[in-house]
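All remarks here apply to the structure that follows.
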Amino acid sequence: MTKLLLKPDGAGDPIEVVLQRTDAKDRVTYQITTGDRVSSVEMESTGSGAGWLRVQGRVLPFRIMKKGDVLHVWLRGRIHKLEIMDRAARRSTGSTTAAKQSHLQAPMPGTVLKINATPGAVFEAHAPLVIMESMKMEMTLSAPHAGRVKEVRCKPGQLVEMGAVLVTFAEDGHVASA
Amino acid sequence: MRGESLFKKVLIANRGEIAVRIAQTLQQMGITSVAVYSDADRRALHVQVADEAYPLPGNTSAETYLRYDKIIALAEEHGVDAIHPGYGFLSENEDFAIACADARITFIGPSPDVIRDMGDKIIAKEKFIAAGVPVVPGWSGDATLGIDTIKQEAAKIGYPVLIKAAAGGGGKGMRVVHQERDLASSIEAAQREANAAFGDGRVFMEKYITRPRHVEFQIFGDSHGNVVHLFERECSIQRRHQKIIEESPSPALSPELRAKMGEAAVRAAKAIGYTNAGTVEFMVDAEGRFYFLEVNTRLQVEHPVTEMITHHDLVRAQVIVAAGGKLPFTQDELRQQGHALECRIYAEDASRGFLPSVGVLEHYAAPSGPNIRVDSGVAEGNEVSVYYDPMLSKLIVWGRTRDEAIARMDWALARYVVMGVTTNIEFLCEVLNHAEFRAGRLHTQFLDEHKIASAATIPDEALMAAALAGRNGSGASHAMTTEERRVPSPWQSAGGWRAF
């Protein structure tokens, strides 16, 4: 028996899935318990991330890939992202999103076009701080909340990687006048 | 078409799906197709399908697909008779068309004069006014006159106004301004974007028509004085002025309106001496009034829609006309049969503000079946890079009726596998199934005004597949039994995977 904890990407609580082998004749089948629902499933796989499930006569082709700890499952035109968690990891998630951010990151690799931030400057929530261009599209990176600029770490014309810190924010209470 | 007057070798100055699509027609016509490619595109599909392929060192468009000096040098070196520019890149570049002529290489498209005049949205508008085609009220004065003058002009036109790039296209350098206090910053942003995209920061202003439909007519001319239209395409489903779903016929046109608009498009095309393929774009308001928008002097991204309803290969016709031949169809021969629908598949994340998504295509499988066409520029294992447009492919379907075409598209989208980059496939499905879309009540603000909901629930089957696949690699370690090893795990022989 195997127990897995799968957390849907974005919102949602982790879902516990219990696998139990229940082979019949020469077929490998599983009994799968999700919440209070129990299903009998047969799986065929082509061995390269593709396969199909048979659930009560219904045939469901799927594709699957893994990025880090996240499984991406393609099923009938939709891609579902499920993070494989263990119990320890479960406790530590869920409290990071509400906190104020300490910096503005490049969401994509691209070129910095314009910077509307100078060290020490105060900004409102949603203020356009940096304008970038990526894949020929201009995009505005807005302030996630009101605050004050601590440091500007990019220049117009600069090519930046995804995740690069472009602007850092001063922490609440003690604003540096650097 | 008699073989002797055609080209022997044609270079495709483009990449992605359009380069693949052009190569296919060239090969079918017995013409050798030549691809060019950047470093990043070394293993791209358009390189694999061409008969010959030559490198353009570098990665950015500016150092590769826009370097027409290098492209013409390659064409001369390899005995190329003609160059097809596709869309985007050099397709509407008058200087490139002139440079081709200077090198005695045929540019497959309209004459440099027509490209220049139509590429300048201000001149194009004047020419269409002269041909008696209705246009949107606007102002195209000198933007350097200062903001006060522009403010007066905007007030005369009446808000909201639309700022557009004179050299524009594809929504770049475009801004809607609802109130005077946003005018200066919007003009600045439009100029900056226009300068970056086209190297020409001139902008103009016109009345912003609320909830218009975007209806365009495919036109085609030859060097013997023949000009025809191949009916309309409605491209009202746009996101930030970028078309994402196109169809023909337009649900909004009566036979009378269609005839009137087609006749206006042909009349204007004749007046400017139009040759080869082009598109006359119109806005149609809620009362059925139409206004000239602009002319695209190239093959359009959405041209397969027209091919599906007319059963003519537009690239083939372009080649014939460029070689001096007569149009392979007359207006009387053309019929608009059934209904065609196209969805553009973009590598972008609808849940994160449509940010472009880059990565390796770990899984890629396009749908197939009767009356389904996929023009794809990618294959499994390809990398989608930051350097170029995020459009991966186009999915085009045909049905006897609009409902049949929508049902077929819905079926095909649900069978389109793209993993490794995030795509807009699920978003397209939601739009297609929206009641207002089904009813044909389309306009260019459709996506802003209608909430496109995505189903958040995860089906049990997805959990099952994940659990079965994840059972070996999860934190909950699980030793495989001998018997279980006989069951191939999807993780085995996982070629290019980064995981595990």
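With the charge dipole of chain B set up from +1 on Lys and Arg Cβ and -1 on Asp and Glu Cβ about the Cα centre, the Cα lying farthest toward the positive end among the listed residues B:254, B:282, B:388 is that of B:254. Working note: Karplus 6.51/-1.76/1.60 with θ = phi - 60° gives segment B:231-244 the couplings 6, 9, 10, 9, 10, 7, 7, 10, 10, 6, 6, 9, 5, 10 Hz, where Gly and Pro are set to x.
Inter-label distance, residue B:316 to residue B:196: 4.2 nm, where each label sits 7 Å from its Cα along the C-beta direction.
For segment A:1-76, the dipole from Cβ point charges (+1 on Lys and Arg, -1 on Asp and Glu) about the Cα centre works out to 200 debye, to the nearest 20. Here the label points at residue B:326 and residue B:457, each 7 Å from Cα along the C-beta direction, are separated by 6.2 nm in the simple model.
Averaged over the residues of B:353-361, the number of partner chain Cβ atoms lying within 10 Å of the residue Cβ comes to 3.
So, with +1 on the Cβ of K and R and -1 on the Cβ of D and E, and no other charges, what is the size of the charge dipole of the protein assembly as shown about its Cα centre, to the nearest 20 debye? Working shown, then result.
On the way: 77 positive and 83 negative charges, 253 e Å.
Roughly 1220 debye, rounded to the nearest 20.
Here each label is just a point 7 Å from Cα along the line to Cβ, and for residue B:352 and residue B:435 those points are 3.4 nm apart.
Residue by residue along B:436-449, Cβ atoms of other protein chains within 10 Å of the local Cβ number 0 on average.
Using a Förster radius of 22 Å, what is the FRET efficiency between residue A:39 and residue A:70 based on their Cβ-Cβ separation? Nearest 0.05, please. It would help to have the intermediate numbers written out before the result.
Numbers: r = 23 Å, r/R0 = 1.06.
Between residue A:39 and residue A:70 the formula returns 0.40.
Which stretch or stretches of segment B:327-360 have amide N atoms under 18 Å from the point lying 7 Å from residue B:401's Cα along the Cα→Cβ direction? Residues B:337-341 fall inside that zone. Look at the stretch B:381-392: the mean tally of other chain Cβ atoms within 10 Å of its residues' Cβ atoms is 2. From the square roots a ≥ b ≥ c of the eigenvalues of the alpha-carbon gyration tensor of segment B:46-133, which class results: rounded (a/c under 1.5), prolate (a/b over b/c), or oblate? In terms of gyration-tensor shape, prolate.
Ranked from highest to lowest mean number of other Cβ atoms within 10 Å per residue, what is the order of the peptides B:452-459, B:48-55? Each step should come with its number before you reach the end.
Values: B:452-459: 12.6, B:48-55: 17.2.
Descending packing order for the listed peptides: B:48-55, B:452-459.
A cut-off under 13 angstrom between Cβ atoms defines the neighbours of residue B:153, and their net charge, with Lys, Arg +1 and Asp, Glu -1, is -1.
Only Lys, Arg, Asp and Glu carry charge here, each on its Cβ (+1 for the first two, -1 for the last two); on that basis segment B:210-259 has a dipole of about 360 debye about its Cα centre. Relative protection proxy for B:41-47, A:157-163, from highest mean packing down: B:41-47, A:157-163 (other beta-carbon atoms within 10 angstrom).
If you fit an axis through the alpha-carbon atoms of helix B:460-470 and take the longest principal axis of the Cα set of chain B, what angle between them do you get, 0 to 90°, nearest 10? The answer is roughly 60 degrees.
In whole percent, what relative contact order does chain B give with Cα contacts below 8 Å and a gap of six or more residues? All intermediate terms of the calculation are to be shown ahead of the outcome.
On the way: 995 pairs, mean separation 67.4, N = 500.
Across chain B, relative contact order equals 13 percent.
Could you give the angle, 0 to 90 degrees to the nearest 10, between helix B:68-77's Cα long axis and the longest principal axis of the Cα atoms of chain B? Long axis of B:68-77 versus the principal axis of chain B: about 80 degrees.
Classify segment B:274-426 as rounded, prolate or oblate, taking a ≥ b ≥ c as the square roots of the eigenvalues of its Cα gyration tensor: rounded when a/c is under 1.5, otherwise prolate if a/b is larger than b/c and oblate if not. Verdict is prolate for segment B:274-426. Taking every DSSP beta bridge that has both ends in the protein assembly as shown, the antiparallel portion is near 90%. For residue B:252, neighbours were defined as the other residues whose beta-carbon sits under 14 Å from its Cβ, and their charges (Lys and Arg +1, Asp and Glu -1) total -1.
No value in this document is a laboratory result; all are computed from the given coordinates. Worth saying up front: this structure is predicted, and the values here are computed from it rather than measured. No Cβ is skipped: glycine too gets one built from the backbone with ideal geometry, and neighbour counts run over all protein chains shown.
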